Amino acid sequence: MTGVAAVVLAGGVGSRMHPLTADCPKPLLPVGPWTLVEHQLSALERAGIRRVVLSTGYRHEDFLPLVERCRAKGVDLTMVVEETPLGTGGGLREALRRLPDADTVVVLNGDLLSGHDIAAQVEGLVDSPSHVVASVHVRDVEDARPYGSVVVGPDGIVTAFVEKSPTPPSLTVNAGTYVVRPSLLTHLPDSGSASVERDAFPALAAQGALVAHREDAYFLDVGTPAALVTATRDLLLDPWPGAAPTPLGEALVLDGAEVSPTAALLGGSVVHPGAVVGDGARLDAAIVLEGGQVGAGARVTRSVVGRRARIGAGTTLTDAALGSDEVAGA
């Protein structure tokens, strides 16, 4: 992967993930023992890419320990900061300016997990004619309304790119991983906020300068607490290709957590350091973050217990998320 670098867009506020993002950027939320960003870096490393620019904004100082930790492992990781929100296009523009010598750049959204073959997507763009500026990973779904919709010709050229719409033109959707040439900069405004999906890709499609990489692989937009639970369950029970290495099993209890021997942990549950799970409690596809407490006999199902949050004895929590220091039950 000589000449190939990557950008992770991690500047958003993560409002759909509230209350978990009230005091933590969404890309730093844990999926198992790793943050979302670390799973993305693992996928990039699997593709042979170890030079990455992390585009941050909201609570950008929280990323500094991660940057230091990754650099210590040999990842060439640089952080850029949006002082004001710039959107996907503006954030990507500033990151690309940090990569003037890169021939090709992989672009990941900071809340996306994907098991597709990134290296194959890169090769597809490299082998495309020089007028092609970008490649987008696409896949077919039953309902395209929550996604950007893509119309792809038989030659793999994207002929239309329509961001989220109540009447999408196809069931082929944007799966959120892009590979771009540096010339994409000429298709973005020189300053201010911009959207790759609304400002750049529709115009590129109209010019025949956007190609599709079609691959039906694991794909999850980790944008809500429910999706965070799903990602964690998948990691422990059936991990996607490129996920950061994690012990498999019904549950993972990290060092520093206290779990009663009479508690039951099922369905891909994770208990983080400093957390306590009481006698007879039952966790099923549950996440208990640092310092969280689950009382005796409580039932937590498909839910997230935030940092230092407390679940009272005998309390039932289902399909919910508690923010930091919140309390449920007596």
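The values are calculated or read from the model by the stated rules, or taken from the named source; none is laboratory data. Model, not experiment: these values are computed from the prediction. So basically every Cβ, Gly included, is an ideal-geometry build from the backbone, and we count neighbours across all protein chains shown. These accessible areas exclude ligands, DNA and RNA; they are computed on the full protein's heavy atoms, side chains included. Shrake-Rupley method; radii C 1.70, N 1.55, O 1.52, S 1.80 Å.
The table that follows gives values for the structure above.
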| read-out | value |
| --- | --- |
| Single unsatisfied condition, Ile157 versus (1) aliphatic (A, V, I, L, M); (2) open to solvent by 10 Å² or more (accessible area, probe 1.4 Å); (3) under 26 Å from Ala227 (Cβ atoms) | (3) |
| Subset of the stretch 48-69 [in a helix (DSSP H, G or I) and either over 17 Å from Leu99 (Cβ atoms) or open to solvent by 20 Å² or more (accessible area, probe 1.4 Å) (or both)] | His60, Glu61, Asp62, Phe63, Leu64, Pro65, Leu66, Glu68, Arg69 |
| Selection count where residues are assigned to a loop (DSSP other than H, G, I, E, B) and either over 24 Å from the mean Cα position of the chain (by Cα) or of a type in the set (Gly, Ala, Ser) (or both), scope the stretch 309-330 | 12 |
| Sole exception among (1) modelled with pLDDT under 95; (2) under 17 Å from Leu188 (Cα atoms); (3) assigned to a loop (DSSP other than H, G, I, E, B) for Gly91, by number | (3) |
| Hey, Pro30 over 14 Å from the mean Cα position of the chain (by Cα) and open to solvent by 10 Å² or more (accessible area, probe 1.4 Å) or not | no |
| Total residues in the stretch 34-47, condition touching a Ser or Thr at 6+ places or on another chain (Cβ under 9 Å) and either at pLDDT below 95 or in a strand (DSSP E or B) (or both) | 1 |
| Which listed residue, of Thr177, Thr159, is of a type in the set (S, T, N, Q) and within 22 Å of His39 (Cβ to Cβ) | Thr177 |
| Whichever residue in the stretch 115-172 is touching a residue at least 60 places away in the same chain (Cβ under 8 Å) and polar (S, T, N, Q) and, among such residues, is nearest to Phe219 (Cα to Cα) | Gln121 |
| Any hit, the stretch 214-227, residues being open to solvent by less than 40 Å² (accessible area, probe 1.4 Å), part of a helix (DSSP H, G or I), closer than 30 Å to Ala119 by Cβ and not polar (S, T, N, Q) | yes |
| Scan of the stretch 108-147 for residues that are open to solvent by 60 Å² or more (accessible area, probe 1.4 Å) and not polar (S, T, N, Q), ordered by number | Asp117, Glu123, Val126, Asp127, Pro129, His131, Asp140, Glu142, Asp143, Arg145, Pro146, Tyr147 |
